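A quick write-up on the structure given underneath.
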Amino acid sequence: MKQTRLIMPTPDLSPEAIPTTHADLEALDRRDLAWYVDKGLQVAIFIGGISAIVFVLGIFVFITKEGISFVTGRFDLVEFFTSPRWLPTSNSNPTYGALALIVGTASVTGMAMLVAIPFSLGAAIYIGEFATGRTREILKVLVELLAAIPSVVWGFIGLSIMNSLIIDLFNVPIGLNILNAGLILGLMAAPIMTTIAEDALKAVPDEYRQAAEAMGATRWQVIRRVVLPAAKNGLVAAVLLGVGRGFGETMAVLMATGHSIQIPDSLFDSVRALTATIAAELGETAVGSDHYGALFTLGIFLFLVTFIINLTADLVVRGIRKK
Amino acid sequence: MNTLNRITLFLLLLLPLSGCGGGSDGPSRVVLENKGSDTLVNVAQAWAEAYRGINPNVAIAVTGGGSGTGIAALINGTVDIANSSRSIKDSEIDQVRAAGAEPVEYIVGFDALAVYVHGDNPLTSISFDQLAEIYGEGGTYENWADLDIEVPGCQGQEIIRVSRQNNSGTYAYFQEAVLGATRDFKLGSRDMHGSKDVVDLVENTACAIGYSGLAYATDHVKMLDIATVSDSSAVMPSVESAIDGSYPIARPLFMYTRGEPTGATKEYLDWILSEEGQCIILEKGYAPVRQVSCGA
């Protein structure tokens, strides 16, 4: 009601015109079409604003509900985190060790970051600090275009092109491995990391650069000694969001890792990721079975890990904004 | 104005729907319940869809749930046709009889698994024992040298095992037929998500060996002849050897009815076993009950 008053026509402020009775107030409160549109939009925007929170909570409640019977029943914490034996459909002795899956996800994400960090930071520095005019605009569009390639297409590239390429180049028995998936995931994570890193560089005030240049610093010195340290938090956040992206990616890693349960001892070993395991197995699992619950437990674990990573990234970004 | 237009459009879209709804109330409409095996569910659905074009007065409601579910429904009399990827057990036959009917079995196709290797692999046949040493837990074969061969283009001569995700019917059948019911797969195989993915990977990987449906074969991979024991003669995987039962890793796919089928059920089963119906099962990656010639 208060907000509605604000958009009322200029009020007559003479003493006798100030509404005192309820009837006077009613008369002022004109509920025409504009008022309803205004109210409607207010509600719609409010729902839009809180929907993200509602959905995240809803999803968390759902996966917890599905996984809880396993967590409280068959679940063995030590087995889950220390055994690489993921054999949920064994007839003789089903085991639910997720260690190989966790190591798989971590190793692929680690490889992806090795690829994506130099690429995306380099691209961000070039776009933000060196490129001007058309070059800059074209580069920005191209980087964003890279983010638009669907993950199944990346996975297909990994499966059909990179597999043979890695076999030929490195003389290894199979090309579906950490290197393959890491390269692909790195390229997938790079665009978002570049965009965020570039924003962080842009947030560094120009006065810093001008001051440094006035003192005779070269372009490289300005970037290395002044801009990068000042943008440090944003750059860390960019990397963390890239890590979150890597952890959560499913389709491409399902296709490019080889989907093989083992603890890798080289870059050329096939691995299996947490996400890919859920994607591959959930569809044909009997609802309510131990296997079903175990997959949801993997989901809870993944949710918590990505949630913590994203939260950390967010807090780090907030850190720079406050300064 | 805009809103009005939308409402009009919406009503216009509803018109044909209501027309359609009226038509289906015709007196001759029959609904057949078809339930069971998840292995067969895709084929059953394809049959049901195609049959709509053949006989629009018969609607077939297909549900999966597993072979056991289908046969249980047959015992309870809630389905017209039960799908199963295993033959009905004696105890189940007795139960159907107790309910006052004789189960009638139809073999509607075969699920034959071929063992694939890369086109350059010199191996031509393999036995169950060797497969178990490669795939089974505790099996000792890790290199192609263990099979006394050298695979050209394969670095390190390591055997790259290609398998399926652990809840696929193909995985379970291969395990049961080759490893035995209680022996697990050796961990570390590349577990593909589809029959075609297995063949694709084997095609591109010199060191690989994999199992998948016969119908997924391409010109670039090699199918091995299979022997049940090392010294017996190996059988080439083909639709013929699957049909005559000489190929050891093919399982028949069944449909069961309560008593001799009549009317719409009989017509439907006859159509499934016809050239047209059998072409559909072939298209879905399984072996038909006999040789059929399907246009491309």
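To the nearest ten degrees, helix B:195-204 and the longest principal axis of the Cα atoms of chain B are 30 degrees apart.
Distances longer than 22 Å among the Cα atoms of the range B:112-250: what percent of all pairs is that? It works out to 29 percent of all Cα pairs.
Here the gap between A:SER266 and A:THR312, fully extended at 0.36 nm per residue and compared with their Cα-Cα distance, gives a gain of 13.6 nm.
Counting every pair of alpha carbons in the range A:55-159, the share spaced more than 23 Å apart comes to 59 percent.
Placing dummy labels 7 Å off each Cα toward the beta-carbon, the span from B:ALA99 to B:MET236 is 4.4 nm. Using equal-weight Cα scatterers in the Debye expression, the normalised intensity of the protein assembly as shown in log10 at q = 0.07 Å⁻¹ is -0.64.
Projecting the Cα atoms of B:SER246, A:ALA200, A:ASN180 onto the charge dipole of the protein assembly as shown (Cβ charges, centred on the Cα centre) puts A:ALA200 farthest toward the positive pole.
Averaged over the residues of peptide B:190-202, the number of Cβ atoms from other protein chains lying within 10 Å of each residue's Cβ is 4.
Ordering B:174-180, B:215-221 by mean Cβ neighbour count within 10 Å, with the highest value first, yields B:174-180, B:215-221.
Think of each Lys and Arg Cβ as +1 and each Asp and Glu Cβ as -1; about the Cα centre, that makes the dipole of the range B:112-250 roughly 360 debye. Taken about its Cα centre, the protein assembly as shown carries a charge dipole of roughly 2560 debye when the Cβ of each Lys and Arg holds +1 and the Cβ of each Asp and Glu holds -1. Shielding by partners for peptide B:104-113, expressed as the average number of C-beta atoms from other protein chains within 10 Å of each residue's C-beta, is 0. If only the Cβ of Lys and Arg carry +1 and only the Cβ of Asp and Glu carry -1, the dipole of chain A around its Cα centre is close to 760 debye. With unit charges on the beta carbons (Lys and Arg positive, Asp and Glu negative) and the dipole taken about the Cα centre of the protein assembly as shown, which residue among A:VAL243, A:TRP220, A:VAL103 sits farthest to the positive side? Going by the Cα projections, it comes out as A:TRP220. All C-alpha pair distances within the range A:99-322, sorted into 5 Å bins from zero, spread as 1, 7, 13, 15, 16, 14, 11, 9, 6, 4, 2, 1, 0, 0 percent across the bins. Since only A:ILE308, A:ILE117, A:PHE62 are under comparison, the one whose Cα sits farthest along the positive direction of the charge dipole of chain A, derived from C-beta charges on Lys, Arg, Asp and Glu, is A:ILE117.
Oblate is the label for the range A:232-293. Its Cα gyration tensor axes, ordered a ≥ b ≥ c, give a/c of at least 1.5 and b/c at or above a/b.
Among the residues of B:159-172, the average count of other protein chain beta-carbon atoms within 10 Å of the residue beta-carbon is 4. Solvent-accessible surface (1.4 Å probe) assigned to A:GLU207 amounts to roughly 120 Å². Approximating the spin labels as points 7 Å out from Cα along Cα→Cβ, the A:LYS232-to-A:SER51 distance works out to 4.0 nm. What is the list of residues in the range B:34-58 whose amide nitrogen lies under 15 Å from a point 7 angstrom out from the Cα of B:GLU276, following Cα to Cβ? Only B:46-58 pass the distance filter. Given a cut-off of 21 Å, name the pairs among B:LYS89/B:LYS266; B:LYS35/B:LYS196; A:LYS202/A:LYS232; B:LYS196/B:LYS284 whose C-alpha atoms lie farther apart than that in the structure shown. Table pairs above 21 Å Cα-Cα are B:LYS89/B:LYS266; B:LYS35/B:LYS196.
The values are calculated or read from the model by the stated rules, or taken from the named source; none is laboratory data. Keep in mind that this is a model prediction, so the values were computed, not measured. Positions of Cβ are backbone-derived with ideal geometry, glycine not excepted, and every protein chain shown enters the neighbour counts. Note: areas computed on protein heavy atoms with side chains; ligands, DNA, RNA excluded. Shrake-Rupley method; radii C 1.70, N 1.55, O 1.52, S 1.80 Å.
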